[in-house]
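A.B. asks: To start, I am sharing the structure in question, which I have written as structure tokens.
The values are calculated or read from the model by the stated rules, or taken from the named source; none is laboratory data. Everything numeric in this text was worked out from a predicted model, so none of it was measured. All Cβ positions, even for glycine, are placed from backbone atoms using ideal geometry, and neighbour counts span all protein chains on display. All accessible areas refer to the heavy atoms of the entire protein, side chains included, with ligands and DNA or RNA removed. Shrake-Rupley method; radii C 1.70, N 1.55, O 1.52, S 1.80 Å.
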Amino acid sequence: MDVEETGKLESLDPDMLQLQEVSPFALKSSPYVAEELFSQWLSLPDTSRLVKSLLADAKAGVPFSALENPTNTNALSINPLPSLFPAGSTPPLSPRSSSGSPRTTKQRTSPSSLGSPLKLVRDPVREIIPQFYFKNGRPPPNEMKEHFLFQVDNRFHSHLDGLQLLEFKSFTKEICKLPSFFSTALFRKIDVSFTGTITRDQFIDYWIRSNMLAMDLPTRIYTILKQPHRTYLVQDDFKPILRELLSSHPGLEFLHSTPEFQERYAETVIHRIFYYMNRSGNGRLTLRELKRGNLIDAMLHVDEEEDINKVLRYFSYEHFYVIYCKFWELDTDHDFFIDRENLIKYGNHSLTYRIVDRIFSQVPRKFSSKVEGKMNYEDFVHFILAEEDKSSEPSLEYWFRCIDLDGNGVLTPNEMLFFYEEQLHRMECMAQEPVLFEDILCQLVDMIGPENEGYITLRDVKSSKLSGNVFNILFNLNKFIAFETRDPFLIRQEREDPNMTEWDRFAHREYIRLSMEEDGEDMSNASGDVWEESLEAPF
């Protein structure tokens with residue numbers, strides 16, 4: 001190399017020749033830089049001496065250790081690799097972060113000397129996590145507990161020997177914040193020895209030990225009703241509170257002389273509860289299902305309302321009367337069972353044979369009846385609630401399963417045609433102008449508005465307010481004709497009270513009709529008696 005080139009090289013940074021420290025990315029992106037630096041390094045005199053020394057060591061069989069302990073004294077003792085620049089001629093580097101430069105040789109200061117938070121890693125502080133799960137619920141605050149105990153002490157102050165069942169009724173409602181007809185069920189939970197009285201200590205032990213004070217009302221009711229070995233409610237669990245309701249509610253006093261109808265009323269209320277609340281249909285009512293429904297509000301309502309018929313949810317006696325009379329009309333032999341031929345007469349023969357067959361195939365719901373080919377009273381309650389209130393989700397699920405012949409979760413045009421064919425035939429027999437299925441299918445799709453026009457899912461059915469009319473078109477001829485004619489009386493009735501459900505309106509109409517029929521029979525019987533007396537008088 002000439003002197004001119006050497007002078008230019010003296011301005012280079014000697015650290016840049018440490019190729020092992022250059023990043024692979026820099027070499028790949030600019031390979032010519034490494035080649036140029038390598039050729040310059042080979043031209044240095046020190047490099048020539050180093051190479052010759054290494055060749056001599058190799059010929060003599062000396063192991064290669066150029067980087068750690070050079071054996072040749074001609075090699076540099078300070079740096080194993082010769083520098084391109086004389087000492088002291090290196091320009092200063094630009095300021096860099098001490099953590100990012102691979103050439104930084106400064107010794108880091110220890111974390112302890114700087115008070116670094118890294119010291120917490122070596123000496124961690126124990127953090128106590130507060131308890132967030134309680135098997136029986138979060139304990140109540142002390143103030144709530146003290147206030148509750150003060151109320152209890154005031155009640156038991158004049159009853160040191162304990163409270164009897166009649167005295168415990170007001171205690172249940174005012175102190176425990178439960179419906180008054182829960183007093184017997186709660187009394188039995190506490191008085192496990194059947195002594196007939198409950199002392200203060202017994203009540204406090206049960207209420208505080210069970211953490212009832214911290215529970216919400218649905219959980220409290222669920223805990224009182226269920227059996228200790230179960231995690232769900234069955235129908236029998238509701239019988240004690242209904243017996244007390246029947247014996248104490250002023251709106252049900254007239255049933256005291258007819259125990260058989262008291263039992264039927266209680267059964268009807270329980271069947272209605274499980275129809276709406278037990279959505280899984282397995283006869284096991286869970287706490288989650290209890291909280292999702294409106295049963296608790298209905299219980300509080302019936303406890304305050306003296307007119308039982310104003311409590312439309314579950315407890316109305318008029319609703320029970322309609323259901324029972326409808327069943328009694330169809331059960332011609334009064335064996336308390338209904339077969340196919342009985343059910344086909346429902347609603348003045350409004351249903352098709354095909355839909356009745358689907359019902360008795362137990363596809364929409366497995367019968368609780370143990371008699372083959374017959375439904376019992378509970379099965380009929382589920383049927384009539386589903387038939388007369390097609391706006392509710394249990395009803396939509398019930399009829400969707402009926403129409404879904406292959407059980408694949410969708411309704412296809414062929415499945416709907418299967419049921420509508422009988423409707424079409426019935427219209428022809430009644431001299432009604434038949435509506436072709438092609439036109440009906442377009443109408444059904446417009447009413448439902450499915451995501452896919454090729455089929456209808458249960459989600460599509462639940463999202464439409466006209467789904468009930470869709471089912472009526474397929475298998476209920478009377479309601480289909482009423483929908484087509486748009487009965488102005490029904491439209492006006494819906495507008496007058498939009499809060500009433502289809503079932504509420506149906507039950508109200510039927511109760512009026514049935515009561516008028518009964519009054520007419522009474523009047524005819526009375527007039528017949530007078531006529532007979534007049535005939536017998538001359539004799």
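A.B. asks: May I ask you to evaluate 6.51 cos²θ - 1.76 cosθ + 1.60, the Karplus curve with θ = phi - 60°, for each residue of segment 510-515 and list the ³J(HN,Hα) values in order in whole Hz, giving x for glycine and proline?
C.D. replies: Karplus values, whole Hz, x for Gly and Pro: 5, 5, 4, 4, 5, 5.
A.B. asks: Next question. Any idea what the relative contact order of segment 228-314 is, in percent, if you count C-alpha pairs under 8 Å spaced at least 6 apart?
C.D. replies: Result for segment 228-314 is 31 percent.
A.B. asks: Say the dipole of segment 253-298 comes from +1 at the beta carbon of Lys and Arg and -1 at that of Asp and Glu; which of Leu287, Tyr276, Ser257 then lies farthest toward its positive end?
C.D. replies: My answer, from the dipole projection, is Leu287.
A.B. asks: Here's another thing I want to ask about it. Tell me the Kirkwood radius of segment 195-279: reciprocal of the mean inverse pair distance over distinct alpha-carbon atoms, in Å.
C.D. replies: It is 15.2 Å.
A.B. asks: Please list, in order along segment 39-52, the HN-Hα scalar couplings obtained from phi with the Karplus expression 6.51 cos²θ - 1.76 cosθ + 1.60 (θ = phi - 60°), rounded to whole Hz, x for Gly and Pro.
C.D. replies: Once θ is set to phi - 60°, the couplings for segment 39-52 become 5, 5, 5, 5, 7, 6, x, 4, 5, 4, 5, 5, 5, 5 Hz.
A.B. asks: Expected output is a single nm value to one decimal: the length gained when fully extending between Met447 and Ser463, i.e. 0.36 nm times separation in residues minus the C-alpha distance. What is it?
C.D. replies: 4.7 nm
A.B. asks: Could you order Thr286, Thr47 so the one with the most accessible surface comes first? Probe is 1.4 Å. Mind dumping the intermediate values first?
C.D. replies: On the way: Thr286 50, Thr47 0 Å².
Putting Thr286, Thr47 in descending order of accessible area: Thr286, Thr47.
A.B. asks: Give, as a single signed number, the net charge of other residues whose beta carbon lies under 14 Å from the beta carbon of Glu341, with Lys and Arg counted +1 and Asp and Glu -1.
C.D. replies: Its environment carries a net charge of -3.
A.B. asks: Using the alpha-carbon centroid of each, what span in Å lies between segment 348-367 and segment 222-239?
C.D. replies: 32
A.B. asks: Additional query: With every protein chain left in place, what is the accessible area of Lys366 in Å² (1.4 Å probe, nearest 10)?
C.D. replies: Number for this one is 150 Å².
A.B. asks: Hey, rough spin-label estimate for Arg509 and Ser280, points 7 angstrom out along Cα→Cβ, what's it come to in nanometres?
C.D. replies: Output for this residue pair reads 3.7 nm.
A.B. asks: Stretched out fully, how many nm does the piece from Thr231 to Val125 gain, at 0.36 nm a residue minus the Cα gap?
C.D. replies: Result: 34.0 nm gained on full extension.
A.B. asks: Count neighbours as other Cβ atoms within 10 Å of each site's Cβ, and list the GluC sites (Glu not before Pro) in segment 345-398 that are DSSP loop with at most 13 such neighbours.
C.D. replies: Glu372
A.B. asks: Further question: Give the accessible surface of segment 138-214 per residue, rounded to a whole number of Å², with probe radius 1.4 Å and ligands, DNA and RNA excluded.
C.D. replies: Roughly 57 Å² per residue, with all protein chains present.
A.B. asks: Of Ser350, Ser515, Ser39, which has the most accessible area and how do the rest follow, probe 1.4 Å? Working shown, then result.
C.D. replies: Values: Ser350 5, Ser515 30, Ser39 60 Å².
Putting Ser350, Ser515, Ser39 in descending order of accessible area: Ser39, Ser515, Ser350.
A.B. asks: How much area per residue is accessible in segment 277-432 when the probe is 1.4 Å and only protein heavy atoms are counted (Å²)?
C.D. replies: 45
A.B. asks: For Leu233, which sequence-distant residues (separation of 5 or more, or a different chain) have an amide H within less than 5 Å of its own amide H, given hydrogens modelled in the peptide plane?
C.D. replies: Under 5 Å from the amide H of Leu233: Leu285, Thr286.
A.B. asks: On the protein heavy atoms, probe 1.4 angstrom, tell me the percent of accessible surface of segment 320-515 carried by carbon and sulfur.
C.D. replies: Carbon and sulfur: 52 percent of the exposed surface of segment 320-515.
A.B. asks: Heavy atoms of the protein only, probe of 1.4 Å, neighbouring chains included. What is the accessible area of Ser248 in Å², nearest 10?
C.D. replies: 50
A.B. asks: Explain nothing, just compute: Karplus ³J(HN,Hα) = 6.51 cos²θ - 1.76 cosθ + 1.60, θ = phi - 60°, for every residue of segment 403-409 in order, whole Hz, x for Gly and Pro.
C.D. replies: Whole-Hz 3J(HN,Hα) from phi for segment 403-409: 6, 6, 5, 8, x, 8, x.
A.B. asks: Tell me the carbon and sulfur percent of the accessible area for segment 138-214, rounded to whole percent, probe radius 1.4 Å.
C.D. replies: Of the solvent-accessible surface of segment 138-214, carbon and sulfur hold 54 percent.
A.B. asks: In nanometres, what is the gap between the two model label sites at Gln432 and His334, each 7 Å from Cα along Cα-to-Cβ?
C.D. replies: Reported label-point gap for Gln432 and His334 is 3.5 nm.
A.B. asks: Loop only by DSSP, 12 or fewer other Cβ within 10 Å of the Cβ. Give me the GluC sites (Glu not before Pro) in segment 126-229 that pass, ordered by residue number.
C.D. replies: Glu127
A.B. asks: Using a 1.4 angstrom probe with every protein chain in place, what is the largest-first accessible-area order of Phe336, Phe254, Phe181?
C.D. replies: The ranking, largest first, comes out as Phe254, Phe336, Phe181.
A.B. asks: Please go through segment 193-244 and write out the chymotrypsin sites (Phe, Trp or Tyr not before Pro) that DSSP classes as loop and that have at most 16 other C-beta atoms within 10 Å.
C.D. replies: Here the sparse-neighbourhood loop sites are Phe194.
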